[in-house]
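Quick notes on the structure that follows.
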Amino acid sequence: MTDTKGPLIYSTELPIRYGDMDSNQHVNNTRYYQYLEEARIEWLDGLGAHRRQVGQGLVLLTCTHHFLKPLFHPGTVIVELYAGVVGRTSLTLEHKMYSKGSPDLVGHGDVKMVWIDVASQRPIPVPDSVRAAMGAELLAAD
């Protein structure tokens, strides 16, 4: 899945910290998921999705990452998010990761999430601001 289906919707650069490395002196596999989380939160906050203020947010349904090359400290990881499928209450973001200064892909994958009402923990429609940012059609009001 190195070819993404949707358009690039967000890109960010995140520092690789010394503490991100494992005993093999490369970035620990769990940190890749944290980089992805940070990129998703930056993207959502930039949309004004108001996750925290209105008691809504995303929960992960699936998260897949294919590790192709290691990342090292010191360095910077570039995370690119691409629009995937947008359903009524769920959305998929595809991603690619690079080490800054290198054209080589270090990893790729996708994340499927469900938009929920925090109090009830039940799925609710994906906000129009998120749908529009992903190039999806807006849903008609009920």
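All of the numbers you see were taken from the coordinates with simple rules; none came from a lab. Not measured: the values here are computed from a predicted model. Glycine also receives a Cβ, built like all others from the backbone with ideal geometry; neighbour counts cover every protein chain displayed.
Considering the dipole of the chain built from charges on the beta carbon (Lys and Arg +1, Asp and Glu -1) around the Cα centre, which of T30, G109, L71 is farthest to its positive end?
It is T30.
Under 17 Å from the 7 Å Cα→Cβ point of Y18, by amide nitrogen: which residues of region 60-81?
Of the residues in region 60-81, 72-76 have backbone N under 17 Å from the label point off Y18.
Treat every Asp and Glu Cβ in the chain as -1 and every Lys and Arg Cβ as +1, leave all other atoms uncharged, and give the resulting dipole magnitude about the Cα centre to the nearest 20 debye.
Numbers: 13 positive and 16 negative charges, 32 e Å.
Around 160 debye, computed over the chain.
With Cβ to Cβ distances under 15 Å as the rule, what net charge do the other residues near H66 carry (K, R +1; D, E -1)?
Working: positive: K69, K96; negative: D3, E80, E94, D104, D110.
Taking every Cβ under 15 Å from that of H66, the sum is -3.
Please give the helix 29-47 orientation as an angle from the longest Cα principal axis of the chain, in degrees from 0 to 90, rounded to the nearest 10.
Approximately 40 degrees, to the nearest ten.
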